[in-house]
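Derivation of every value follows stated rules applied to the coordinates shown; laboratory data play no part. Please read these numbers as outputs of a predicted model, since none were measured by experiment. So basically every Cβ, Gly included, is an ideal-geometry build from the backbone, and we count neighbours across all protein chains shown.
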Amino acid sequence: MTKKSDYMISRRGFVGGIVGLIGAIMSTVIGLPVVGYVVSPALKKGGREEWLTLAPASAAEPGVPTPFTFSRMKEVGWRRVRINRTVYAITNDGENVTVFSDACTHLSCKVHWDAERNAFVCPCHNGVFDKEGNVVSGPPPRPLDRFEAKIENDQLMILVEG
């Protein structure tokens, strides 16, 4: 013979179940948008590329790495920030140009052109790169990164990732 308490729910059990159900619904309603907000930057499509005009091509002095600075807006996570970058352009004939990043390939410190040493020098760990961006000495594991570059309508342009 079954007892009455085996198949009947008590008032306390019923109220506890309802409170638990309401709590689960509230957690879902509040939690899903929060999870979406946290995960959405990782799901965004990136990598759109665009050509950016640096300066007139005549501004690049032949045979000497010439610095060019540009500024652009970029989305980093949920924020839009202005990023200022410097690149070095070198040309020998005024038509073909090579553009290097100013970030050392070791720890991304900013390199600068040292005319006396005829080399790019990284102040952080004494990394040295030649005029072509190749590693001469120090800890950098690879040459300076290069941008795809072109001269169009006498304007020096580089391909940057948006």
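So, in nm, how far is label F14 from label M73 when the simple model puts each one 7 Å beyond its Cα toward the Cβ?
If labels sit at F14 and M73, their model points lie 5.9 nm apart.
Do any GluC sites (Glu not before Pro) in segment 90-162 lie in a loop, going by DSSP, with at most 11 other beta-carbon atoms within 10 Å of their beta carbon, and if so which?
Working: sites: E95, E116, E132, E148, E152, E161; in loops: E95, E116, E132, E148.
Answer in residue order: E95, E116, E148.
Quick check: residue separation of A42 and N118 times 0.36 nm, minus the Cα distance between them. What number comes out in nm? Write out the running numbers ahead of the final one.
Numbers: separation 76, 0.36 × 76 = 27.36 nm, distance 4.21 nm.
Length gained between A42 and N118: 23.1 nm.
Let's see if you can work this out: charge +1 on each Lys and Arg Cβ, -1 on each Asp and Glu Cβ, no other charges. What is the dipole magnitude of the chain about its Cα centre, in debye to the nearest 20?
On the way: 19 positive and 17 negative charges, 374 e Å.
Here the chain has a charge dipole of around 1800 debye.
Calculate the length of the line joining the C-alpha centroid of segment 120-144 to that of segment 37-111, in whole Å.
First find each Cα centre; the distance between them is then 18 Å.
Given the DSSP H assignment, sum -39500 (n - 2.57) over each helix run of at least 4 residues in the chain and divide by its residue total; what's the result at 222 nm in deg cm²/dmol, nearest 500? Walk me through the numbers on the way to the answer.
Numbers: 2 runs with 37 residues, N = 162.
Mean residue ellipticity, 222 nm, calculated: -8000 deg cm²/dmol.
Helix 11-43 versus the longest principal axis of the chain: what angle, 0 to 90°, nearest 10, using Cα atoms?
Between the helix axis and the principal axis of the chain, the angle is about 10 degrees.
Considering only DSSP states other than H, G, I, E and B, which chymotrypsin sites (Phe, Trp or Tyr not before Pro) in segment 56-143 qualify as loop sites with at most 13 other Cβ atoms within 10 Å?
On the way: sites: F68, F70, W78, Y88, F100, W113, F120, F129; in loops: W78.
Within segment 56-143, the qualifying chymotrypsin sites (Phe, Trp or Tyr not before Pro) (loop, at most 13 other Cβ atoms within 10 Å) are W78.
Taking other Cβ within 10 Å of each residue's Cβ, how do D93, D114 sort, fewest first?
Ordered by Cβ neighbours within 10 Å, fewest first: D93, D114.
Could you give P(r) for the chain, binned at 5 Å from zero, as whole percent values over all Cα-Cα pairs?
1, 8, 12, 12, 12, 10, 7, 5, 4, 3, 3, 3, 3, 3, 3, 3, 2, 2, 1, 0, 0
Starting with the fewest neighbours, write out D154, D145 ranked by other beta-carbon atoms found within 10 Å of each beta-carbon.
Details: D154 9, D145 14.
In increasing order of surrounding Cβ atoms, one gets D154, D145.
For E148, what charge total do you get from the other residues with a beta carbon under 13 Å from its beta carbon, if Lys and Arg give +1 and Asp and Glu give -1?
Numbers: positive: R146, K150; negative: E49, E50, D145, E152, E161.
After counting each charged neighbour, the total is -3.
Could you give each residue of segment 121-136 its phi-based ³J(HN,Hα) in whole Hz, using Karplus coefficients 6.51, -1.76, 1.60 with θ = phi - 60°, and x for Gly or Pro?
Each residue of segment 121-136 in turn: 10, 9, x, 6, 9, 6, x, 10, 10, 7, 4, 8, x, 7, 5, 9 Hz.
For segment 52-147, state which trypsin sites (Lys or Arg not before Pro) are in a DSSP loop and have at most 11 other beta carbons lying within 10 Å of their beta carbon. Could you put the intermediate results ahead of the total?
Values: sites: R72, K74, R79, R80, R82, R85, K110, R117, K131, R146; in loops: R117, K131.
Filter output for segment 52-147: R117.
Taking amide H positions as placed in the peptide plane 1.01 Å from N, state which residues far from A119 in sequence (5 or more) or on other chains have amide H under 5 Å from it.
Residues meeting the amide H criterion: D114.
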